[in-house]
Amino acid sequence: MTIALMPLPYAQDALEPHISAKTLEIHHGAHHKTYVDKLNAAIEGTPNADKSVEEITKSASGPMFNNAAQIWNHGFYWHSMSPSKTAPSEALAAAITKDFGSVDALLEALSNEAVNHFASGWAWLVVEGGALKVISTHDAGCPITTAAVPLLTIDVWEHAYYIDQMNKRPAYVKAVLENLINWDFASENFARGTAWTYPA
């Protein structure tokens, strides 16, 4: 099967003024699309041609892993943001209180992880070993290759924010955390207890 470039779950300008339509045009329409195109070219005529993005991410290495993981990461990232204000479910809110003390403390931990991550990568809220944790991965690193279940992510590759914020990653992270976090998506992932599936 051919891996698809999933559509954005909202209009290209829906996240403005926090993330511009121009950023999404390039980030989704160029960067995400390039990962899809490269993976489809790499798997054509191979045993991976009939595998899902998740299966390839968990079994591949090198460039094939990088492209598959980045496809999954970006799809997850688009859903991790919402143009509408949301709030954690009762169950997720209780887990946040248990493991972080408060939503504000969790957001501070996510901010620190995202802002201080060296070079390219991702900051994640995950469930691992029955507890919520904030982690980061380098480059194309993806939690679905581990026992962790991702709930939310923030992309901290420069192409996620350079058009809007230049090199000011803290300003981008602040804008996402204060205005765009999709708690409905995080709550769904928490309730399901298994990793989200890329809609290919």
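The values are calculated or read from the model by the stated rules, or taken from the named source; none is laboratory data. Here the structure is a predicted model, which is why all the values come from computation and not from measurement. Glycine gets a Cβ as well: all are built from the backbone with ideal geometry, and neighbour counts include every protein chain shown. All accessible areas refer to the heavy atoms of the entire protein, side chains included, with ligands and DNA or RNA removed. Shrake-Rupley method; radii C 1.70, N 1.55, O 1.52, S 1.80 Å.
Computed in the context of the full set of protein chains, the accessible area of the stretch 18-90 at 1.4 Å probe radius has 54% of its extent on carbon or sulfur. For the stretch 47-118, relative contact order (Cα pairs under 8 Å, six or more residues apart, normalised by length) works out to 15 percent.
Rounded to the nearest 10 degrees, the inclination of helix 169-179 to the longest alpha-carbon principal axis of the chain is 70 degrees. Of the GluC sites (Glu not before Pro) found in the stretch 1-104, those in coil by DSSP whose Cβ has at most 15 other Cβ atoms within 10 Å are E44.
Taking all protein chains into account, the per residue accessible area for the stretch 83-167 stands at 46 Å² (1.4 Å probe).
When the Cα positions of H28, S136, Q12 are compared along the charge dipole of the chain, S136 comes out farthest toward the positive end, with charges on each C-beta of Lys, Arg, Asp and Glu.
Which one of T145, T57, T46 has the biggest mean-square fluctuation once the chain is modelled by GNM with Cα springs under 10 Å? Most flexible of the set in this elastic network: T46. Size estimate for the chain follows the Kirkwood approach: the inverse of mean 1/r over distinct Cα pairs works out to 17.1 Å. For the peptides 150-163, 110-123, 93-106, the ranking by mean Cβ contacts within 10 Å, running from highest to lowest, is 150-163, 110-123, 93-106.
Protection proxy ranking for 171-180, 66-75, using the average of other Cβ atoms within 10 Å per residue and placing the highest first: 66-75, 171-180.
In this structure, A11 and A41 have a Cβ-Cβ separation that, at R0 = 35 Å, corresponds to a calculated FRET efficiency of about 0.75. Near I163: Cβ cut-off under 15 Å, other residues only, Lys/Arg at +1 and Asp/Glu at -1. The net charge is -3. Mean separation of Cα pairs under 8 Å and 6 or more residues apart, divided by the residue count, gives the stretch 29-171 a relative contact order of 20 percent.
Compared with the alpha-carbon gap, the fully stretched path from S84 to I163 is longer by 26.2 nm at 0.36 nm per residue.
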